[in-house]
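Notes follow the structure.
The values are calculated or read from the model by the stated rules, or taken from the named source; none is laboratory data. Predicted model only: the values in this text are computed from it and were never measured. Ideal geometry is used to build each Cβ from the backbone, glycine not excepted, and the neighbour counts take in all protein chains shown. In case anyone asks, the SASA skips ligands and DNA or RNA and just uses the protein heavy atoms, side chains included. Shrake-Rupley method; radii C 1.70, N 1.55, O 1.52, S 1.80 Å.
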Amino acid sequence: METDSLNLLKECDSGVKMGISSLNEVIESVSDLELKEVLQESRNTHELLKNRVEKYLEKYQEEGKEPPVMAKAMSWAKTNFKLAVGESDEKVADLVTDGCNMGIKSIHRYLNQYPAAKQEIRGLAQDFVIIEEELGRKLRKYL
């Protein structure tokens, strides 16, 4: 159980860091003030989740997990390529929506991969999914 809990916790840490990084990359490219507010609010929510994850990591006396270098590099390249062609709020919403979908898929994969994780850690992962789903819903009107 402990191993599954720690592994799931570390994957949540990596995912939430990736989400924050991605949001930081695109926020300044947004011109629509309402969309910018949605992204900033989500970044703040991701930060709160990151703080919760870090508290659990401290409790277990464990280090977090950084997002894979290749995933960060590919995300950065995709974002900058799409935005270089012409910044638009629609492109930002599309990129962030793709990120939300990838995050949801990944967390569900890890929930299945680590079935013996403690319920409180599984709940944390579910909260991450809820945050990503809500952001994806809010972005639909900008696609």
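Exactly one condition in (1) of a type in the set (D, E, K, R); (2) surrounded by fewer than 19 Cβ atoms within 10 Å (Cβ to Cβ); (3) touching a residue at least 60 places away in the same chain (Cβ under 8 Å) is not met by Glu58; state its number.
With (1) of a type in the set (D, E, K, R); (2) surrounded by fewer than 19 Cβ atoms within 10 Å (Cβ to Cβ); (3) touching a residue at least 60 places away in the same chain (Cβ under 8 Å) applied to Glu58, the lone miss is (3).
Scanning segment 9-38 for residues that are assigned to a helix (DSSP H, G or I), over 12 Å from the mean Cα position of the chain (by Cα) and of a type in the set (A, V, I, L, M, F, W, C), which turns out surrounded by the most Cβ atoms within 10 Å (Cβ to Cβ)?
Result: Leu9.
Scan (1) farther than 30 Å from Glu34 by Cβ; (2) under 16 Å from the mean Cα position of the chain (by Cα); (3) not acidic (Asp, Glu) for the single condition Asn101 breaks and write down its number.
Among (1) farther than 30 Å from Glu34 by Cβ; (2) under 16 Å from the mean Cα position of the chain (by Cα); (3) not acidic (Asp, Glu), the lone unmet condition for Asn101 is (1).
Being within 11 Å of Cys12 (Cα to Cα) and either touching a strand residue (DSSP E or B) at 6+ places or on another chain (Cβ under 6 Å) or in contact (Cβ under 8 Å) with a residue 24 or more places away in the chain (or both) is the filter; apply it to segment 112-126 and report the residue that is most open to solvent (accessible area, probe 1.4 Å).
Arg122
Give the number of residues within segment 25-69 that are closer than 26 Å to Ile121 by Cα and not basic (Lys, Arg).
Going through segment 25-69 one residue at a time, the tally reaches 25.
Residue by residue, here is whether (1) of a type in the set (A, V, I, L, M, F, W, C); (2) modelled with pLDDT under 95 holds:
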| site | (1), (2) |
| --- | --- |
| Glu54 | no, no |
| Ala73 | yes, yes |
| Asn80 | no, yes |
| Ile107 | yes, no |
